[in-house]
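S.K.: My questions all concern the structure below.
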Amino acid sequence: MTFGIEAASYYVPSLYLEIKDLAEKRGIEPAKLEKGLGLHKMGFPDVHEDAATFAAEALFRVIQDYNINPKEISRIYLGTESALDAAKPTASYAMQMVEKVFEKEFGDRVFRNCDVVDMTFACIGAVDALHNSLDFVRANPDKKAVVIASDYAKYELASSGEYTQGGGAVAVLISSKPDLIEIENNWGVATESVFDFFKPRRHFKKEDLTNAPESFPEKIEIFTDEPVFDGQYSNQCYQDRIREAYDHYKEITGLNKPYENWKYLIFHLPYAFHGKRVFTEIYSLENGLSYQTPEEQKAVAKSEEYLQFINDKIEKSQRASSEIGNMYTASIFMALLSALQTSFNENEELAGQQIGFLGYGSGSKSKVFAGKVSENWKKVAEKWNLFESLKNRTAIDFETYEKLHRKQLQNSVNENYKGFGLKSVELENPVLKGARYYDYQK
Ligand SMILES: CC(=O)CC(=O)SCCNC(=O)CCNC(=O)[C@H](O)C(C)(C)COP(=O)(O)OP(=O)(O)OC[C@H]1O[C@@H](n2cnc3c(N)ncnc32)[C@H](O)[C@@H]1OP(=O)(O)O
């Protein structure tokens, strides 16, 4: 019996900012962002969009596009680091939105007996949800699970993370009928607790605030959606963890140079070129190349062999990321869709090919695993039209972007949007304060 991904759908924010507009306003050379990091457009949520609406859209689409009976879904596990609540899972919001739309066709509360939860470990939370859900269907081969990766990657304005913002969601159906990709049960894992990128409760003191009202408490703790991070250190942690997880994968499988058998290497992509920039270390170790000094590292990265390797095994997975930006938990899944969509468009046959995955979550953990593309993969991929659908987004100018970022807009940029949207947040009623209400616009 085989297990893996039966179907997959995605949702990207409806707005985007051209990276060259951001570069110009921030006084950064556009070539650094475009040619150095591979960034072209940055997906950005409209006023009514958040991690819950992204998740609901992806969940709705995976059910609808592949004619799934929602009552057959036994669990919905959602990986996110953009949770809207520290207790009530974002998955519960997404589930409720989708349930409402299916009410007419399937009756009320289609997910009444569905196990719904969030998993959080920065960008690797949805890989954890995938790992967990695969174990679940292995133990219960007649059941189906949906894994959703959904996030809004937001950084402080004018910070070095600003140009790596983005967002969106991918939902995958996990079952014993893996029409897209069969996932093997070998998991290389590496974990170390570090502070490379995290979202702590921020502490504010009254004395730090100008014009704080008399009634303001002396000290408050709040969560913000903008991380505390050290960019270059986070790159180093990523590189160290994937090396360790890759070594662990080799140890448990007994394989020599597994990456050579992989048609594509699918990375967590915080920005498009990250995977190819950090894999130089593993590549050097596997090929006996010296990798000590910065000059030696550059020489590997610029070598003809390495450039050919990137072109063959990584480049196609980067394309969607260049147009969307960081999707945190969803990035690795979108990198897979990007590579498969490109092969599909180029009429390439992938059935039977091995694919390697290198996931990373700050804080920090990596998982390395592999899968095999299924005979029916084109039947799944033909629903996506990924690159075409990215053309349907609305461009925003820099001023609108800053206002959205600062939450200064009351109304959506696309007021006549279709699909799921945040309608209101309860601010008055003391027993519902902070409750979020969503609806669906046809
Ligand atoms: C957050 C997560 O999702 C989890 C993770 O993966 S952690 C790892 C990633 N970390 C993050 O994404 C944190 C947020 N982002 C950041 O901190 C930063 O944007 C970053 C660390 C990702 C990049 O930092 P940076 O200082 O802006 O860029 P830098 O690392 O110097 O790289 C710039 C590249 O552009 C190249 N470049 C510069 N100017 C150029 C030009 N004019 N033309 C062409 N290339 C140029 C540089 O040579 C360099 O590329 P190479 O090293 O491959 O040669």
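The values are calculated or read from the model by the stated rules, or taken from the named source; none is laboratory data. Because the structure is a prediction, the values reported are computed rather than measured. Neighbour counts run over all protein chains shown; Cβ positions are idealised from the backbone, glycine included.
S.K.: For region 294-353, name all the residues that are in contact with a Ser or Thr (Cβ under 6 Å, 6 or more places away or on another chain) and basic (Lys, Arg).
M.R.: Residues satisfying the conditions are LYS316, ARG319.
S.K.: Then there's this: I'd like to know if region 369-381 contains one or more residues that are in contact with a His (Cβ under 9 Å, 6 or more places away or on another chain) and either assigned to a strand (DSSP E or B) or under 30 Å from LYS177 (Cβ atoms) (or both). Step through it out loud before you land on a result.
M.R.: Of the residues in region 369-381, the ones in contact with a His (Cβ under 9 Å, 6 or more places away or on another chain) are 369.
Narrowing further to those that are either assigned to a strand (DSSP E or B) or under 30 Å from LYS177 (Cβ atoms) (or both): 369.
Yes, region 369-381 has at least one match.
S.K.: Can you name the residue in region 162-192 that is within 15 Å of the ligand (Cβ to nearest atom) and surrounded by fewer than 21 Cβ atoms within 10 Å (Cβ to Cβ) and is also nearest to TYR10 (Cα to Cα) among such residues?
M.R.: GLU162
S.K.: Somewhere in region 48-68, is a residue farther than 20 Å from GLY166 by Cβ, within 16 Å of the ligand (Cβ to nearest atom), without any contact (Cβ under 8 Å) to a residue 12 or more places away in the chain and in a loop (DSSP other than H, G, I, E, B)?
M.R.: No: zero hits.
S.K.: Separate question: What are the residues in region 27-45 that are assigned to a loop (DSSP other than H, G, I, E, B) and either at pLDDT below 95 or within 12 Å of the ligand (Cβ to nearest atom) (or both), if any?
M.R.: Applying the first criterion (assigned to a loop (DSSP other than H, G, I, E, B)) to region 27-45 yields 27-29, 37-40, 45.
Passing the criteria: ILE28, GLU29, LEU37, GLY38, LEU39.
S.K.: Return yes or no: is THR90 within 16 Å of the ligand (Cβ to nearest atom), closer than 29 Å to VAL47 by Cβ and buried (at least 23 other Cβ atoms within 10 Å of the Cβ)? Don't jump to the end; show me each part of the working.
M.R.: On the way: within 16 Å of the ligand (Cβ to nearest atom): no; closer than 29 Å to VAL47 by Cβ: yes; buried (at least 23 other Cβ atoms within 10 Å of the Cβ): yes.
Considered against the rule, which asks whether it is within 16 Å of the ligand (Cβ to nearest atom), closer than 29 Å to VAL47 by Cβ and buried (at least 23 other Cβ atoms within 10 Å of the Cβ), THR90 comes out as no.
S.K.: Oh, and also: Right, LYS263: away from the ligand (no atom under 16 Å from the Cβ) and not aromatic (Phe, Trp, Tyr) or not? Outline the logic, then answer.
M.R.: Details: away from the ligand (no atom under 16 Å from the Cβ): yes; not aromatic (Phe, Trp, Tyr): yes.
Answer is yes for this residue.
S.K.: Going through region 116-145 one residue at a time, which ones are within 20 Å of MET1 (Cα to Cα) and either within 12 Å of the ligand (Cβ to nearest atom) or within 15 Å of the chain's Cα centre (by Cα) (or both)? Quick ask: steps written out before the conclusion?
M.R.: At the first step, the residues of region 116-145 found to be within 20 Å of MET1 (Cα to Cα) are 130-145.
Matches in region 116-145: LEU130 only.
S.K.: Among the residues that make up region 96-112, is at least one of them modelled with pLDDT of 95 or more, within 16 Å of the ligand (Cβ to nearest atom), more than 23 Å from PHE229 (Cβ to Cβ) and touching a helix residue (DSSP H, G or I) at 6+ places or on another chain (Cβ under 9 Å)?
M.R.: no
S.K.: Within region 1-26, can you find the residues that are part of a loop (DSSP other than H, G, I, E, B) and farther than 21 Å from ASP439 by Cβ?
M.R.: From region 1-26, those part of a loop (DSSP other than H, G, I, E, B) are 1-3, 12-14; that's our starting set.
MET1, THR2, PHE3, listed by residue number.
S.K.: While we're looking at this one, here's another question. Out of SER366, SER338, SER343, SER412, which single residue is assigned to a loop (DSSP other than H, G, I, E, B) and surrounded by 15 or more Cβ atoms within 10 Å (Cβ to Cβ)? So that I can check it myself, show each step before the final result.
M.R.: Details: SER366 fails: assigned to a loop (DSSP other than H, G, I, E, B); SER338 fails: assigned to a loop (DSSP other than H, G, I, E, B); SER343 fails: assigned to a loop (DSSP other than H, G, I, E, B).
Checking each option against the conditions leaves just SER412.
S.K.: Exactly one condition in (1) of a type outside the set (D, E, K, R); (2) part of a strand (DSSP E or B); (3) closer than 28 Å to ASP312 by Cα is not met by PHE204; state its number.
M.R.: (3)
S.K.: Here is a further query. Could you say whether any residue in region 214-227 is within 30 Å of ALA87 (Cα to Cα), free of Cβ contacts under 8 Å to residues at least 12 places away in the same chain and hydroxyl-bearing (Ser, Thr, Tyr)?
M.R.: The answer is yes, given that some residue of region 214-227 is within 30 Å of ALA87 (Cα to Cα), free of Cβ contacts under 8 Å to residues at least 12 places away in the same chain and hydroxyl-bearing (Ser, Thr, Tyr).
S.K.: Please go through region 310-330 and give me each residue that is in a helix (DSSP H, G or I), within 15 Å of the ligand (Cβ to nearest atom) and under 21 Å from TYR283 (Cβ atoms), ordered by number.
M.R.: ILE310, GLU315, SER317, GLN318, SER321
Rundown of residues vs (1) in contact (Cβ under 8 Å) with a residue 12 or more places away in the chain; (2) under 21 Å from ALA56 (Cβ atoms); (3) surrounded by 24 or more Cβ atoms within 10 Å (Cβ to Cβ), yes/no style:
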position: GLY107; (1), (2), (3): no, yes, no
position: ALA126; (1), (2), (3): yes, yes, yes
position: PHE136; (1), (2), (3): yes, no, no
position: TYR152; (1), (2), (3): yes, yes, yes
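S.K.: Output the residues belonging to region 284-296 that are over 15 Å from ASP240 (Cβ atoms), more than 10 Å from the ligand (Cβ to nearest atom) and of a type outside the set (A, V, I, L, M).
M.R.: GLU286, ASN287, GLY288, SER290, GLN292, THR293, GLU295, GLU296
S.K.: Within the bounds of region 166-178, is there any residue that is of a type outside the set (Gly, Ala, Ser), modelled with pLDDT of 95 or more and either on the phi > 0 side of the Ramachandran plot or not in a strand (DSSP E or B) (or both)? So that I can check it myself, show each step before the final result.
M.R.: Step one: list which residues in region 166-178 are of a type outside the set (Gly, Ala, Ser), which gives 170, 172-174, 177-178.
With the extra rule that they be modelled with pLDDT of 95 or more, the set shrinks to 170, 172-174, 177-178.
Applying the additional criterion that residues be either on the phi > 0 side of the Ramachandran plot or not in a strand (DSSP E or B) (or both) yields 177-178.
Yes; the residues of region 166-178 include at least one that is of a type outside the set (Gly, Ala, Ser), modelled with pLDDT of 95 or more and either on the phi > 0 side of the Ramachandran plot or not in a strand (DSSP E or B) (or both).
S.K.: When you go through (1) in contact with a helix residue (DSSP H, G or I) (Cβ under 6 Å, 6 or more places away or on another chain); (2) free of Cβ contacts under 8 Å to residues at least 60 places away in the same chain one by one for SER92, which number turns out not to apply?
M.R.: Among (1) in contact with a helix residue (DSSP H, G or I) (Cβ under 6 Å, 6 or more places away or on another chain); (2) free of Cβ contacts under 8 Å to residues at least 60 places away in the same chain, the lone unmet condition for SER92 is (1).
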